[in-house]
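The values are calculated or read from the model by the stated rules, or taken from the named source; none is laboratory data. The structure presented is a predicted model; accordingly, all values stated were derived computationally and were not measured. When we count neighbours, we look across all protein chains shown, and the Cβ atoms used for this are built from the backbone with ideal geometry, even at glycine. To get the accessible areas, we keep the full protein, side chains included, count just its heavy atoms, and leave off ligands, DNA and RNA. Shrake-Rupley method; radii C 1.70, N 1.55, O 1.52, S 1.80 Å.
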Amino acid sequence: MKVNKPPAIDIIGAARCTGCGACEWVCPPNSITMELDSHGFYKPVINRDNCTDCGICQRPCPVIENEKGTLTIGNTCEPKAFGSWTMSDSTRLASSSGGIFSELARDVIDAGGAVVGCAWDENWTPVHILTQSWCDVERMRGSKYVPSRMGNIYQEV
């Protein structure tokens, strides 16, 4: 039975999609797959024969959530920006964004938590991993500049 809540991608459009893949992982009938588009970015593709228009894929969409007002003050969006970097020269030189990710990850791991990030696998494919290991955090450093699949990271978290 169709509920008539269209898939998130139909609401936001491909140009605004972040390619995070959250819609794919929450889709109960598994009607969404993430595929590379003609520009080399992962975008959701809907199996219209299987989609029930339940709208569940709208819930985790960061674009829709932002438009609902989570970051909105009045009618204008006022993003806040913060700048930071590590004081460790070696960490900063091994990083691509001032090394702040490493510093934040170190605090989380030292407190017994886990960190998610993107690292190269043995085939030089970027993959997202969940870790409590500092060695893995070091693998996560640096920009990848290619699209990556989220894989099962949402389930792992």
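The table below gives the values:
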{"item": "Cross-chain or 6+ apart pairs with Cβ under 9 Å, region 133-157 first and farther than 17 Å from Ser90 by Cα, then surrounded by 15 or more Cβ atoms within 10 Å (Cβ to Cβ) and among the hydroxyl-bearing types (Ser, Thr, Tyr)", "result": "Pro147/Tyr42; Ser148/Tyr42; Arg149/Tyr42; Met150/Tyr42"}
{"item": "Selection from region 1-33 of residues that are small (Gly, Ala, Ser) and surrounded by fewer than 16 Cβ atoms within 10 Å (Cβ to Cβ)", "result": "Gly13, Ala14, Ala15"}
{"item": "Qualifying positions in region 34-44 - of a type outside the set (Asp, Glu), open to solvent by less than 60 Å² (accessible area, probe 1.4 Å) and without any contact (Cβ under 8 Å) to a residue 40 or more places away in the chain", "result": "Lys43, Pro44"}
{"item": "Residue within region 119-134 that is among the aromatic types (Phe, Trp, Tyr), over 16 Å from the mean Cα position of the chain (by Cα) and part of a loop (DSSP other than H, G, I, E, B) present", "result": "yes"}
{"item": "Some residue of region 141-154 being more than 19 Å from Met34 (Cβ to Cβ), open to solvent by 80 Å² or more (accessible area, probe 1.4 Å) and part of a helix (DSSP H, G or I)", "result": "no"}
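Here's the yes/no breakdown for (1) part of a helix (DSSP H, G or I); (2) farther than 25 Å from Val146 by Cβ:
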position: Asp10; (1), (2): yes, yes
position: Ala15; (1), (2): yes, no
position: Thr18; (1), (2): no, no
position: Glu24; (1), (2): yes, no
position: Thr33; (1), (2): no, no
position: Gly40; (1), (2): no, no
position: Pro44; (1), (2): no, no
position: Asn50; (1), (2): no, yes
position: Ile64; (1), (2): yes, yes
